[in-house]
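Student: A single structure is presented below for examination.
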Amino acid sequence: MKHKTALVCTPHSAYAEGLTTKELRETLGKADYCLAREQHNLYCHYLQLAGISELINLADYQYFIEQEPSPDDCFVEDTAVFTDKGVILANPGRPERRKETDLVAYVLTAVGIPIIGGITDPGYLDGGDVVRAGNH
């Protein structure tokens, strides 16, 4: 089954303050917010060229505005794992990122995408660390 919907989140102005290690920040320098916005726009463009017909931007939801944005909100892949039967909500290893899952659950419910389960304490999962191969 080919998915036609993708979750995205425009980088927040605090993007440059995102979670990283001291060593990486010293090596790579501070993240470039303007460049991140440009790259995000290109990413969205290429998703549509690849056949994604609906982009759901988490930043467009009022709930997002009421919730304190995180510099790492744009890394939506860490919040959930999509399957053919529905979504499994993640429980990110970094406590600072766990509220992002609430936003994703809210939006998925609002647009009618089923949530079939979730990872809870003491378990942790960053959805971006999951690789799907076929039906596995």
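The values are calculated or read from the model by the stated rules, or taken from the named source; none is laboratory data. Source: prediction; values computed, not measured. Cβ placement follows ideal geometry from the backbone for every residue including glycine, while neighbour counts extend to all protein chains displayed. With ligands, DNA and RNA removed, areas are computed over all heavy atoms of the protein, side chains included. Shrake-Rupley method; radii C 1.70, N 1.55, O 1.52, S 1.80 Å.
Student: Look at Tyr63 and say whether it is within 16 Å of the chain's Cα centre (by Cα), under 30 Å from Gly123 (Cβ atoms) and at pLDDT 80 or above. Break it down into steps so the answer makes sense when it comes.
Tutor: Working: within 16 Å of the chain's Cα centre (by Cα): yes; under 30 Å from Gly123 (Cβ atoms): yes; at pLDDT 80 or above: no.
For Tyr63, the condition - within 16 Å of the chain's Cα centre (by Cα), under 30 Å from Gly123 (Cβ atoms) and at pLDDT 80 or above - is not met.
Student: A further question follows. Those residues that are of a type in the set (D, E, K, R), part of a helix (DSSP H, G or I) and either under 22 Å from Val131 (Cβ atoms) or free of Cβ contacts under 8 Å to residues at least 60 places away in the same chain (or both), I need them from region 92-115; list them, please.
Tutor: The initial filter retains those residues of region 92-115 that are of a type in the set (D, E, K, R), namely 94, 96-100, 102.
Okay, now just the ones that are also part of a helix (DSSP H, G or I), so 96-97, 99-100, 102.
Passing the criteria: Arg97, Lys99, Glu100, Asp102.
Student: Under 21 Å from Tyr61 (Cβ atoms) and in contact with a strand residue (DSSP E or B) (Cβ under 9 Å, 6 or more places away or on another chain): is that true of Thr120 in this structure?
Tutor: Details: under 21 Å from Tyr61 (Cβ atoms): no; in contact with a strand residue (DSSP E or B) (Cβ under 9 Å, 6 or more places away or on another chain): yes.
It is false that Thr120 is under 21 Å from Tyr61 (Cβ atoms) and in contact with a strand residue (DSSP E or B) (Cβ under 9 Å, 6 or more places away or on another chain).
Student: Can you spot a residue in region 73-91 that is of a type outside the set (D, E, K, R), assigned to a helix (DSSP H, G or I) and either at pLDDT 90 or above or open to solvent by 40 Å² or more (accessible area, probe 1.4 Å) (or both)? Spell out the reasoning first.
Tutor: Taking region 73-91 and keeping what is of a type outside the set (D, E, K, R), we get 74-76, 79-83, 86-91.
Cutting the leftovers down to assigned to a helix (DSSP H, G or I) gives us 76.
With either at pLDDT 90 or above or open to solvent by 40 Å² or more (accessible area, probe 1.4 Å) (or both) added as a condition, the list becomes none.
No, region 73-91 contains no residue that is of a type outside the set (D, E, K, R), assigned to a helix (DSSP H, G or I) and either at pLDDT 90 or above or open to solvent by 40 Å² or more (accessible area, probe 1.4 Å) (or both).
Student: Which residues, counting only those in region 1-58, are among the small types (Gly, Ala, Ser), free of Cβ contacts under 8 Å to residues at least 12 places away in the same chain and more than 26 Å from Arg94 (Cβ to Cβ)? Reasoning before the result, please.
Tutor: Here is the first cut: in region 1-58, the residues among the small types (Gly, Ala, Ser) are 6, 13-14, 16, 18, 29, 31, 36, 50-51, 53.
Filter once more, so that each one left must be free of Cβ contacts under 8 Å to residues at least 12 places away in the same chain: 29, 50.
Residue satisfying the conditions is Ala50 alone.
Student: Applying the selection to region 6-42, what residues are among the hydroxyl-bearing types (Ser, Thr, Tyr) and either more than 16 Å from Asp72 (Cα to Cα) or in contact with a Leu (Cβ under 6 Å, 6 or more places away or on another chain) (or both)? Lay out the reasoning, then the answer.
Tutor: Filtering region 6-42 for residues among the hydroxyl-bearing types (Ser, Thr, Tyr) gives 10, 13, 15, 20-21, 27, 33.
Selection gives Thr27 alone.
Student: Another question, then. With the checklist (1) open to solvent by 60 Å² or more (accessible area, probe 1.4 Å); (2) out of contact with any strand residue (DSSP E or B) (no Cβ under 9 Å at 6 or more places or on another chain) in hand, flag the one item Tyr15 doesn't pass.
Tutor: Among (1) open to solvent by 60 Å² or more (accessible area, probe 1.4 Å); (2) out of contact with any strand residue (DSSP E or B) (no Cβ under 9 Å at 6 or more places or on another chain), Tyr15 violates only (1).
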